Amino acid sequence: MSESNKGWTRRALLAGGGAVGVAGTVAACKYGSQLFLLRDAPEHEGPIPGDWKESRVQAYRSFGNSGFKMSDISFGTSGLNDPAVVRRAIERGINYFDTSPDYSDTASERSLGEAIRDFKRDELFIASKFCSPSGHLDKDTPTDEIVRSVEDSLQRIGTDYLDVALIHAVNDVDRLMAPTFHEASDRLKKDGKVRFLGVSSHTPDLEKVMRTAVDSGRFDMIMVAYNFHNWPQLPEIFADAHQRGMGVVAMKTLKGAYHTQLSDFTPSERQSFPQAAFKWVLSNQNMSGLVVTMNRLDQIDEYLHASGQPLTDEDVALLERYDQQIASHYCRPGCGECLDSCPNDVPIDDILRYQMYARSYGQEKIAMSDYARVPAEHNASQCASCPAPCEAACPYDLPIRQRLTQAHRDLRLVG
Ligand code: SF4
Ligand code: SF4
């Protein structure tokens, strides 16, 4: 279902900030069911394996025909507030950084800016978004306001230009091709403040949005949610983008990052899963690189261990096993089959995604802030007393009511 079919829009929810309060209720039972057992994703179950230590980027790939070679595993800055993590990443060879004004209430851009002052700017690629500190800009945003939002980003980062400015989290073609975004991009490019225009999307009409973006000839790069066994049309779209000289960047590569919560996974499987997932994404040779959120030093050791490594049969077997384990709990990006069945217009898929941010990525504040923007009459407080017609509409038999009731306990602001 498209956003425009709803009485209220998800985009509307993303406009305007939300204060973040006290953490929600802790999950009651550690091993009550196979998945979603732990309130917080554990960092590691033991010492970091010795061969992860001091991992460095081992491979760089062409970013379209820009002339830039991107680190195959690159840095997503959602939740970043420590410049030391960025400095360590650069020292280990990462040269591509994806940020946004609304990550960490602008702390992401500021931390990134503080860190890169110690390095040569022209050896780094900085991507940010057409966003304000409180969220994504709507398709009706005036050109001047869009230009100003980028100038504010430049000031926070302390740089004269962005390598890429993205129209972010695009869910429909109208916003993708909104004239004011393209006027702003042209003006910023002409003034030397932005080098390339990009688009990112992760829900729900991702393939349609990306196909349109590639065919339009307007965009220099695409950033796409891409992971094992999802989005069957994407490889062809990537090939076309690559052929046109566009950069192709993957995100959301960990498919929910539930590996830390699977009681049937061994500690070794939990450690191996991210690297298998990265290797699978990078086995697509049309991919310029991937970005994954890093806000701890140990994540640099862990994630870069997969850089430049070939995908193996064992990796694929592990990814298959992960899929089997999450099948009855994983809300498929872009599905939306249940949305029309809810009498309260609860944004089921969005709320399940917010809960994933909190539980799998440890981003409770971001998740709670996102959830706070859902109007009370449409949030998951409606679910406890509902007969849950949504569950009959879900082709994957997800226990939606139970999951949303738990999400409401986890994410609501208290006090
Ligand atoms: S259980 Fe919640 S999401 Fe499902 S139909 Fe009822 S109110 Fe909507
Ligand atoms: S809960 Fe089920 S039907 Fe609804 S979006 Fe997720 S996978 Fe699709």
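Using a simple spin-label model with pseudo-atoms 7 Å out from Cα toward Cβ, Q155 and S328 lie 5.4 nm apart. Here the gap between K69 and E183, fully extended at 0.36 nm per residue and compared with their Cα-Cα distance, gives a gain of 38.2 nm.
Quick one: work out the % antiparallel among DSSP beta bridges in region 50-322, nearest 5. Can you show the working numbers first?
Details: 5 of 33 bridges.
Percent antiparallel among DSSP bridges in region 50-322 is about 15.
Using R0 = 25 Å, the C-beta based FRET efficiency linking A239 and A59 works out to 0.80.
Site pair K365 and D118 shows an inter-label distance of 2.2 nm when each label is modelled 7 Å from Cα along Cα→Cβ.
Can you list which of the trypsin sites (Lys or Arg not before Pro) found in region 78-137 are DSSP loop residues with at most 13 other C-beta atoms within 10 Å? All intermediate terms of the calculation are to be shown ahead of the outcome.
Numbers: sites: R87, R88, R92, R110, R117, K120, R121, K129; in loops: R92, R117, K120.
Answer by residue number: R117, K120.
Bridgeable lysines around K193 (alpha carbons under 25 Å apart, same-chain partners fewer than 8 residues away excluded): K69, K120, K129, K139.
Per-residue ellipticity at 222 nm for the chain, helices alone: DSSP H runs ≥ 4 residues times -39500 (n - 2.57), over residue total, nearest 500 deg cm²/dmol?
Numbers: 15 runs with 154 residues, N = 415.
Per the formula, -11000 deg cm²/dmol.
Determine the gain in length on full extension of the stretch A376-A317; use 0.36 nm per residue of separation and subtract their C-alpha separation, reporting nm with one decimal. The partial results should precede the final answer.
Details: separation 59, 0.36 × 59 = 21.24 nm, distance 4.27 nm.
Length gained between A376 and A317: 17.0 nm.
With each label modelled as a point 7 angstrom along the Cα→C-beta vector, the T266-D174 pair spans 5.3 nm.
Cα centroid distance between region 165-206 and region 301-352, in Å? First find each Cα centre; the distance between them is then 26 Å. For region 68-85, the Karplus equation 6.51 cos²θ - 1.76 cosθ + 1.60, evaluated at θ = phi - 60°, returns couplings of 8, 9, 8, 4, 4, 10, 10, 10, x, 9, 4, x, 5, 8, 10, x, 4, 5 Hz by residue, with Gly and Pro reported as x.
Cross-link reach is defined here as a Cα-Cα straight distance under 16 Å, omitting same-chain residues fewer than 8 places apart; for K255 the aspartates and glutamates meeting it are E269, D315, E320, D323, D349, D350.
Would you please give the FRET efficiency between A393 and N284, computed as 1/(1 + (r/R0)^6) with r the Cβ-Cβ distance and R0 = 25 Å, to the nearest 0.05?
On the way: r = 33 Å, r/R0 = 1.30.
Once the sixth-power term is evaluated, E becomes 0.15.
Could you compute Rg(Cα) / (2.2 N^0.38 Å) for the chain, with N its residue count? Normalised by 2.2 N^0.38 Å, the Cα Rg of the chain equals 0.94.
Every number in this text was worked out from the coordinates using simple rules, so none of it is lab data. This is a predicted model, so every value here is computed, not measured. Methodologically, a virtual Cβ is constructed for each residue, glycine included, from the backbone with ideal geometry; neighbour enumeration extends over all protein chains shown.
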